[in-house]
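Colleague: Can you keep this structure in mind? I'll have questions shortly.
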Amino acid sequence: EIHQREYLINGEIVSWDGPVTNIYSPVCVATDGGIQRKLLGSVPNTTQKEAMEALDAAVAAYDNGHGKWPSMSLEERIACMQKFVYLMIQQRDIVIKLLMWEIGKTLPDATKEFDRTVDYINDTIDALKDLDRESSRFQQAEGTIAQIRRNPLGVVLSMGPFNYPLNEIFTTLIPALIMGNTILFKLPKHGVLAHYPLLEAFKESFPKGTVNTLYGRGAEIISPIMESGKVNVLAFIGSSKVANGLKKLHPKINRLRAILSLDAKNAAIVTKHANIDVAVNECLLGALSFNGQRCTALKLIFVQKDIAEAFTTKLSAAVAALKPGLPWQEGVKITPLPEENKPAYLKACIDDALSKGAAILNEHGGHNEATFVFPAVVYPVNEQMRLYHEEQFGPIVPVVPFESIQEPIDYQINASHGMQVSIFSENPAEVAQLVDSFVNLVSRVNINCQAQRGPDVFPFTGRKDSAEGTLSVFDALRSFSIRSLVATKVTDSNKK
Ligand code: G3H
């Protein structure tokens, strides 16, 4: 058990004697009161007072761009970041263990999350050198010479979701930090403990007040921070509903930069020209990796009627063969779900579909035991059903039969989101037609492969409610900084 009665503020790891929030694992154990989630530890239940102190620390550390951190040279900031990476790697085993216990991520997935985050930091450092070359050049025109500098923006509030508690927060926090901004980061309720081993590394690597952690109830502590108007950038990854609520709290919303990656109900389109085995394998990965709890997951599969039976038969057999178990067990693909209300929500979606004529195709599909929900292939799904519209973010695979390829195109045209699609077809003319149709509706079209964010150096964004801003190693560095010019007239004396 981890009892983290500490938080990082103004360069100190401060102890906390007040109330705490207990953190429970999705992994259940037998107790006197029956099967229950295992208690993993607790974290400070900090209040508005500590939240405002953390904000003040970040504002003072920035000091209108004159603080110790924003004033450092690029080389000095890179050296601090390299020290952080070194210290972070020392904590690899414990962070991976916590990701398994806290959010139910399998050992390979937890390991990948840690390692890709380290890669992201190293790639950010490399990209920074390219950006510096681009930004510090001189430009001369019409008798004026300008030096172009890239400056930080101020205080960045970074928040991320439970499904990638490390990777997603770090993909905003790290570029924001290295560009010279100061940081407040709010940890997700599930996944908060995974950050605990890294507090010391932050403290040791960066000047005081540069990075500050926030715990406690978001509704209580985030409102006063946003309402203060002192946050310059909101970096939020979560639902558009919460994001829009947060933005409204800020008095200078038009000047606030928001870097957001949000809602998505990504579709797969499997046409009669698809290689069915390829489509089944990729849809399985796309829909059910980490139990479907990925913003990039395939959440609706359109299949052309000519091959619907062959496709659904193979898909439901593949889903039925997925091994449920505990995150650290060999070969396990289906693990317990961290969100307390998720099993009931998934059941309601399935019941809605069943009451409107759909069926579950695989044995045990949708069955719920404590925190486990066995994946379900639901077919045929149509527009009247919740599963056609709602982002289930869990182990349900809704399959929609279609006649004409215009039907999935219309789905995307009418959707409020537009992150990714996956097209399955071996017919080049058809693929070209679908790519042309979708490329203006979503931000990534995948051909004969599942939807995913990675590699993380690629731009990660979306249309409509799926994103505001773009994250990638290079784009994020630009997003968390601004260019300013120092211009002067060319004279005989400064010409050289
Ligand atoms: O939930 C959104 C994640 O950034 C998805 O990343 O596609 O690599 O699993 P992934």
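The values are calculated or read from the model by the stated rules, or taken from the named source; none is laboratory data. None of these values were measured; they are calculated from a predicted model. So basically every Cβ, Gly included, is an ideal-geometry build from the backbone, and we count neighbours across all protein chains shown.
Colleague: Kindly indicate whether any position in segment 362-378 is under 17 Å from ALA267 (Cβ atoms) and at pLDDT 95 or above.
Modeller: Yes: segment 362-378 contains one or more residues that are under 17 Å from ALA267 (Cβ atoms) and at pLDDT 95 or above.
Colleague: Let me confirm something: among LEU184, LEU157, LEU177, which residue is in a helix (DSSP H, G or I), aliphatic (A, V, I, L, M) and at pLDDT 95 or above?
Modeller: LEU177
Colleague: Among what's in segment 410-429 and is polar (S, T, N, Q) and farther than 18 Å from GLU390 by Cβ, pick the residue that is surrounded by the fewest Cβ atoms within 10 Å (Cβ to Cβ).
Modeller: ASN427
Colleague: With respect to ASP123, determine if the residue is of a type in the set (Asp, Glu), farther than 21 Å from SER289 by Cβ and modelled with pLDDT under 95.
Modeller: Taking the combined requirement at face value, the residue does not satisfy it.
Colleague: Just wondering, is there one or more residues in segment 476-485 that are within 14 Å of the ligand (Cβ to nearest atom), assigned to a helix (DSSP H, G or I) and under 30 Å from ASN181 (Cβ atoms)?
Modeller: yes
Colleague: A follow-up question, please. Name the pairs whose Cβ atoms lie under 7 Å apart, with the first residue in segment 304-328 and within 16 Å of VAL278 (Cβ to Cβ), the second outside any helix (DSSP H, G or I) and of a type in the set (S, T, N, Q), and 6 or more positions between them or separate chains?
Modeller: Pairs that qualify, where the first residue is within 16 Å of VAL278 (Cβ to Cβ) and the partner is outside any helix (DSSP H, G or I) and of a type in the set (S, T, N, Q), are GLN304/THR271.
Colleague: Still on this structure: For segment 464-475, what are the residues that are within 16 Å of the ligand (Cβ to nearest atom) and either part of a strand (DSSP E or B) or touching a Phe, Trp or Tyr at 6+ places or on another chain (Cβ under 9 Å) (or both)?
Modeller: ALA467, GLU468, THR470, LEU471, SER472, VAL473, ASP475
Colleague: Quick one: ALA317 ticks every box in (1) assigned to a helix (DSSP H, G or I); (2) among the hydrophobic types (A, V, I, L, M, F, W, C); (3) within 21 Å of VAL421 (Cα to Cα) bar one, so which box is it?
Modeller: Result: ALA317 fails condition (3) only.
Colleague: If you don't mind, another one. Please find, among MET88, MET52, MET81, MET100, the residue that is within 18 Å of ILE9 (Cα to Cα) and part of a helix (DSSP H, G or I).
Modeller: MET52
Colleague: Can you give me the number of residues within segment 4-21 that are in a strand (DSSP E or B) and loosely packed, with under 13 Cβ neighbours inside 10 Å?
Modeller: Result for segment 4-21: 1.
Colleague: Here's something else I'd like to know. Just to check your reading of the model, which residue among LYS272, LYS247, LYS252 is of a type in the set (Lys, Arg), modelled with pLDDT of 95 or more, surrounded by fewer than 24 Cβ atoms within 10 Å (Cβ to Cβ) and over 30 Å from GLY104 (Cβ atoms)?
Modeller: LYS272
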